[in-house]
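Read-outs throughout are calculated quantities, based only on the coordinates presented, and are distinct from any laboratory measurement. Predicted model, so just to flag it, every value in this text is computed and none were measured. Positions of Cβ are backbone-derived with ideal geometry, glycine not excepted, and every protein chain shown enters the neighbour counts.
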Ligand code: C5P
């Protein structure tokens, strides 16, 4: 491999959580820190790629020398990805997209009256599924999977259902893995192989993920 194996390539990375508004002061979100996605975006730049990082609300500094684009909701992310996905050689979907969003966003603050409050939610579009089914020629698409049960089985199903080339299955319950930390423990699943990766920094892991993506890219 050359020093800059992604020279001339374009990489789109999504990162961080989404926020789904309930009213002007409240939202639904998750624990994603964005660290994994930001780290992949930085690594892709170092390997020579032109990079666009589309991210939800995080406390991280923008990655220098790349396009940093911020979004709030899953719907925002969907629209942003739809505008750009066909122009990219590699798409890494590490964002923790909310599966559901409120049916209605109240324009006024929701008052506390009754002892119970029932929220009605509707399903968000599955962005990875959309780009997987609208994949352009030679494009490599990498998704992530976080499950608390039957991780590998569910991640393998996701690979086929969402038509992506790789799934990074995140061992959420293992020490040193998951949302907020600087390390991760994953299994990289492709159509041909399944590789367990021991605990390592999200930075080192980024290069391994990109290398696996490039291996698939070279065959396309
Ligand atoms: O189905 P599940 O949410 O477990 O799949 C996770 C993968 O799908 C991640 O790569 C995530 O970025 C993506 N995803 C998405 N749109 C959604 C939900 C998840 O793109 N609405």
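Just 83, 42, 52 to compare: in a GNM of the chain, with alpha carbon springs under 10 Å, which one fluctuates most? Of 83, 42, 52, the most mobile in the Gaussian network model is 83. When 179, 144 are sorted by how many other C-beta atoms sit within 10 angstrom of their C-beta, beginning with the fewest, the order is 179, 144. Exposure proxy shown here: for 80, 164, the number of other Cβ atoms within 10 Å sets the order, fewest to most, as 80, 164. Taking the centroid of alpha carbons for each part, the range 63-111 and the range 144-189 are 20 Å apart. The mean sequence separation of alpha-carbon pairs under 8 Å and at least six residues apart, normalised by the residue count of the chain, gives a relative contact order of 19 percent. Considering only beta bridges that DSSP places wholly inside the range 1-131, some 30 percent are antiparallel. Relative to the 2.2 N^0.38 Å rule of thumb, the chain has a C-alpha radius of gyration ratio of 1.03.
Each of 103, 81 was scored by other Cβ atoms within 10 Å of its Cβ. Arranged with the fewest first, they read 103, 81.
Determine the percent antiparallel among the DSSP beta bridges restricted to the chain, to the nearest 5.
Working: 17 of 41 bridges.
Taking every DSSP beta bridge with both residues in the chain, the antiparallel ones total about 40 percent.
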